[in-house]
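Below: one structure in structure tokens.
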Amino acid sequence: MDLQIVRGDITTFPVDAIVNAANTSLLGGGGVDGAIHRAAGPELLAECRTLHGCKTGKAKITKGYRLPAKYVIHTPGPVWNGGGSHEAELLESCYRSCLELAEANGCRTVAFPSISTGVYHFPLEQAAEIAVRTILEYGKGGTALEVVEMVCFDGRTKAAYDAALAKMKER
Ligand code: AR6
């Protein structure tokens, strides 16, 4: 399994599954969630309504509708609350749950946004290290997933994920 850090708009990625940094209602919002719902069209919200929400750190899958991706995997990340409310383990659980669900649905290629580092205010450097470590550890366990892309929307986010990957490779 290859982990790639790239810059771009996740709604344009022709992968098997893109991940949505959702909220627990799964009924849409701003940020990447809003962009995914706009690009996928109203059928996505209609399917999300049948899911009855999702717990923080877990994941649920839908079709991708008008997106180039076949599936959307929705995961509510933790809201940063100072670090003493299990935020790190919940963020790790988001990445792991999404990878497991992607693999269980036969996906080979998955693209993630930077979960929780927008309006949920998880500190970027720490979030990047958790994401990179969790994805690489998942890959080491043996997986049918071939490519995992971390899709960074801006330069600061890309720099943080590049640094986290470089740091992991040094170890
Ligand atoms: N492609 C890739 N990344 C994007 C895109 C895009 N098109 N648009 C934004 N980002 P956020 P969160 C980046 O706030 O912190 C929603 O309202 C963005 O720059 O979208 O997990 C949900 O409904 C940032 O780096 O997600 C929840 O209520 C990253 O995606 C809440 O926000 C995540 O920022 C979730 O907050």
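The values are calculated or read from the model by the stated rules, or taken from the named source; none is laboratory data. Source: prediction; values computed, not measured. For neighbour counting, all protein chains shown are included, and Cβ atoms are generated from backbone atoms with ideal geometry for every residue, glycine included. When the accessible area is computed, the model is the full protein with side chains, heavy atoms only, and any ligands, DNA or RNA have been set aside. Shrake-Rupley method; radii C 1.70, N 1.55, O 1.52, S 1.80 Å.
Taking T109 as the residue in question, decide whether it is under 13 Å from A17 (Cα atoms), polar (S, T, N, Q) and either within 13 Å of the ligand (Cβ to nearest atom) or in contact with a Gly (Cβ under 9 Å, 6 or more places away or on another chain) (or both).
no
Are there any pairs with C-beta distances below 8 angstrom linking a residue in region 144-171 that is touching a residue at least 40 places away in the same chain (Cβ under 8 Å) and basic (K, R) to a residue that is open to solvent by 60 Å² or more (accessible area, probe 1.4 Å) and assigned to a strand (DSSP E or B), with the two at least 6 apart or on different chains, and if so which?
Close Cβ pairs (under 8 Å, with a partner that is open to solvent by 60 Å² or more (accessible area, probe 1.4 Å) and assigned to a strand (DSSP E or B)) amount to K158/R7.
Quick check on my filter: what residues within region 23-53 are among the small types (G, A, S) and either touching a Gly at 6+ places or on another chain (Cβ under 7 Å) or more than 9 Å from the ligand (Cβ to nearest atom) (or both)?
S25, G28, G31, G34, A40, G41, A46, G53
Here's another thing I want to ask about it. Name the single residue that is most open to solvent (accessible area, probe 1.4 Å) among those in region 39-74 being outside any loop (DSSP other than H, G, I, E, B), without any contact (Cβ under 8 Å) to a residue 24 or more places away in the chain and not small (G, A, S).
Step by step, filter region 39-74, then rank; the result is R49.
Which residue is farthest from the chain's Cα centre (by Cα), if the candidates are limited to region 86-141 and must be open to solvent by less than 70 Å² (accessible area, probe 1.4 Å) and on the phi > 0 side of the Ramachandran plot?
Result: G106.
Taking A131 as the residue in question, decide whether it is free of Cβ contacts under 8 Å to residues at least 12 places away in the same chain and in a helix (DSSP H, G or I).
Taking the combined requirement at face value, the residue does not satisfy it.
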